[in-house]
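Please read the structure below before turning to the comments.
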Amino acid sequence: MELKPGLSALVTGGASGIGKALCLALAEKGIFVTVADFSEERGKEVAALVEKENAKFHSMLKFPSAMFIKCDVTNTSELSALFKKHLATYGGLDICINSAGIATPVIFYKDQTDGSRSWRHTINVNLTAVIDCTRLAIQTMQAAQKPGVIINMGSASGLYPMYGDPIYSASKGGVVLFTRSLVPYKRQGIRINVLCPEFVETELASKVDSKLIGLMGGYVSMEMVVRGAFELIRDENKAGSCLWITKRRGMEYWPTPMEETKYLLPSSKLRSRSSFVAPLNIQIPQSFEKIVVHTLSHNFRSATSVVRTPLRLPIKPDHVLVKIIYAGVNASDVNFSSGSYFSGNKKDLGSLLPFDAGFEAVGIIAAVGDSVKNLKVGKPAALMIFGSYAELTMVPSKHILPVPRPDAEVVAMLTSGLTASIALEKAAQMDSGKVVLVTAAAGGTGQFAVQLAKLAGNKVVATCGGKEKAMLLKDLGVDRVIDYRAEDIKTVLKKEFPKGVDIVYESVGGEMFDLCLNALAVHGRMVVIGMISQYQGEHGWKPLNYTGLCEKLLAKSQTVAGFFLVQYSHLWQPHLDKLFHLYSLGKLKVAVDPKKFLGLHSVANAVEYLHSGRSVGKVVVCIDPTFSQQVAKL
Ligand code: NAP
């Protein structure tokens, strides 16, 4: 909602503190204000100031541009009269700010009264009245048939405990969850949000121990509180949002979308929007094609060939047959074809040949064995098993990861998305408020890492080679994109992040590894995801050394952690669900490289394309173009 002259606002607790500051800030925009408060003298003063300010915008009005209405917010009939009067005067209600609040005047367990100095009164003013005002504001906005915004004043003590005043904390905690539960009113054009500042220099905070305020980093400025409220009014996406404001960290939404995914279940609407209907006739052929590695080499093209093989039927009782639609291409395909992923003597590895190639795919269940009860023919499924570069694959049912759709975006969420999601949680132990550096950030896994780090509330720095990739990263919300073709990464990091970066998600290796490690802050954690720059050397994978690694880690209490996705298979399904959920909500984007690779014979081209450094986002191969077209038409 644009804050413009002619709108009207009602502010409870408008005679002092945050309420007064908001009344005056609204007046500066030419907005009519009803100041509601218990305190008559101060309330009238504020209304006069608002009128004076409003005179700059309006002349010859037939009604007052500001009104003071004396009102006890714990009295429902007084509140009803207040809202009625506002509606009658201004013909609607665009903004309602419920700011009236008090501290608890007694120690609650010693309290034996029921009057205005009881703990119950604090709950009545801070919580019950906010609910009542929200109710009346919704009714008033509905009556005027115009969109509106309601802001309830919560407090940081509604997010975490305030030991000095547990009743205040309880009341504000109630306001926070009450407001966050009001998202559905957005459909009627009414957005209700809650603002949670830490200590602001008002009469209410004057009784708080100054040492505690010092520990919190000092008072939050009134200007920041006003800025927060205005952001919640202006941003049409904000409904049920909780804005936390501290001197220490600035403005942050609470909880982060990453935290939300821990408890939010996809709504039935999202489920149905993402539900997939498979074509009716899935034909099972007598033979199918797949890619096998016949010679160990990091040159994928010369190591592999497409072979036709008979389909061995009947299906084993606990197996399922999956028709593959999309397969994902990974940097490590060349490590697999060279045998680097198998332990043991390279000469002995020859005995494993030929073996099936490809790590991941999505498709449709084409048939199930007799003992498989939980999976049905026609359902979409994902696989993360060796042998995914194939038209069909027969796998034990326990390896099936049910997914909502067999799309290219979903295949991108498998190895690439899961690596980012699990590695950042487990190996990087990522929380919020940190500086996170991601290398090869516009690639398959990098794109997920930058977004998840951002969603968790971090500042994200990302490296890439080229303008197109830099544009994608900006679009994904990266704070500082370093295109190494245009800027020197080391110089930028030194100049703009002199204290170093806290977390590094590193997948390039070689000189990039050294550079990132040198840029790591004290207590920093660097996660080794891969070393793509070394996979295709003339003589294959060439390990490098970092001289003085131990000394450096010791001197700065740093951690370098390795991460290999196959060792986290127990976390695949929950993290995949989380990624799909964020994607369905529009909070996570999935970039699939636009270059089309169709059929198994294009896989070697796709692998080479990934290693050319030109790809942007996830490289995928559509294994059965006809099938994917049929699905798209449905
Ligand atoms: P990707 O990031 O899509 O790979 C392509 C990008 O890597 C390129 O756009 C380029 O980005 C960079 N690149 C390619 N060749 C390079 C070279 N020779 N030297 C330097 N940079 C080069 O590929 P991905 O499959 O998602 O894999 C990325 C990394 O993550 C790989 O190291 C892979 O092994 C690793 N990975 C690890 C796991 C695990 O479990 N640990 C799982 C998945 C992936 P810029 O030029 O823009 O930097």
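Distance from a point 7 Å along Cα→Cβ of Lys587 to each backbone N in the range 218-243: keep the residues under 16 Å and list them by number. Under cut-off, by backbone N: 237-243.
Ligands, DNA and RNA are left out, and with a 1.4 angstrom probe the accessible area of the range 347-505 is 38 Å² per residue. Residue-normalised convex hull volume from the C-alpha trace of the chain: 204 Å³ per residue. What percent do you get for the relative contact order of the chain when only Cα pairs under 8 Å and 6+ apart count? Relative CO of the chain lands at 10 percent. Among 565-573, 509-517, sorting by the average number of other beta carbon atoms lying within 10 angstrom of each residue, highest first, gives 509-517, 565-573.
Over 22 Å between Cα atoms: which of Lys454/Lys595; Lys499/Lys618; Lys211/Lys434; Lys316/Lys379 fall into that group? Distance filter (> 22 Å) returns Lys454/Lys595; Lys499/Lys618; Lys211/Lys434. Among the listed pairs Lys290/Lys376; Lys20/Lys56; Lys20/Lys110; Lys20/Lys238; Lys146/Lys247, a Cα-Cα separation exceeding 28 Å is found for Lys20/Lys110; Lys146/Lys247. Given their separation in residues at 0.36 nm each and the Cα-Cα distance between them, Lys494 and Thr113 gain 130.9 nm when the chain is fully extended. Multiplying the residue separation of His294 and Lys211 by 0.36 nm and removing their Cα-Cα distance gives an extension gain of 22.8 nm.
Angle of helix 572-584 to the longest C-alpha principal axis of the chain, folded into 0 to 90 degrees and rounded to 10: 50°. Between Glu78 and Ser181, what is the label-to-label distance in nm when each label sits 7 Å out along the Cα-to-Cβ direction? Output for this residue pair reads 2.7 nm.
Descending by average beta-carbon neighbour count within 10 Å, the peptides 193-206, 431-444, 112-125 line up as 431-444, 193-206, 112-125, the highest first. Here Lys84 is the anchor, and the aspartates and glutamates within straight C-alpha reach of less than 17 Å, apart from those fewer than 8 places off in the same chain, are Asp37, Asp72, Asp94, Asp132.
Within the accessible area of the chain, the carbon and sulfur atoms contribute 55%, probe 1.4 Å, all protein chains present. Between helix 129-144 and the chain there is an angle of about 90 degrees, using the helix long axis and the longest principal axis of the Cα atoms. Dividing the Cα radius of gyration of the range 335-450 by its Kirkwood radius returns 1.05 for Rg/Rh. Pull out a ≥ b ≥ c, the square roots of the eigenvalues of the alpha-carbon gyration tensor of the range 431-552, then state rounded if a/c is under 1.5, prolate if not and a/b is larger than b/c, and oblate in the remaining case. Oblate is the answer for the range 431-552, as a/c is 1.5 or above yet b/c matches or exceeds a/b. Applying 0.36 nm per residue to the separation of Lys262 and Arg485 and subtracting their alpha-carbon distance, the gain on full extension is 76.4 nm.
Compute the FRET efficiency between Asp475 and Glu236 as 1/(1 + (r/R0)^6), taking r as their Cβ-Cβ distance and R0 = 22 Å, and round to the nearest 0.05. Each step should come with its number before you reach the end.
Working: r = 20 Å, r/R0 = 0.90.
That pair, Asp475 with Glu236, gives E of 0.65.
Please report the spacing between the Cα centers of the range 612-626 and the range 118-151 in Å, no decimals. The distance from the Cα centre of the range 612-626 to that of the range 118-151 comes to 53 Å.
Which of the peptides 129-136, 545-552, 38-45, 597-604 is most tightly packed, and how do the rest follow, going by the mean number of other Cβ atoms within 10 Å of each residue?
Values: 129-136: 20.8, 545-552: 10.1, 38-45: 16.0, 597-604: 18.9.
With the highest mean Cβ count within 10 Å placed first, the list reads 129-136, 597-604, 38-45, 545-552.
Rolling a 1.4 Å probe over the protein heavy atoms leaves Leu61 with an accessible area of roughly 70 Å².
The angle between the Cα long axis of helix 40-54 and the longest principal axis of the Cα atoms of the chain comes to about 70 degrees, rounded to the nearest 10.
The values are calculated or read from the model by the stated rules, or taken from the named source; none is laboratory data. Quick caveat, the model's predicted, so the values are computed rather than measured. Cβ: placed from backbone, ideal geometry, glycine included. Neighbour counts: every protein chain shown. Keep in mind that these areas ignore ligands, DNA and RNA; they rest on the heavy atoms of the full protein, side chains included. Shrake-Rupley method; radii C 1.70, N 1.55, O 1.52, S 1.80 Å.
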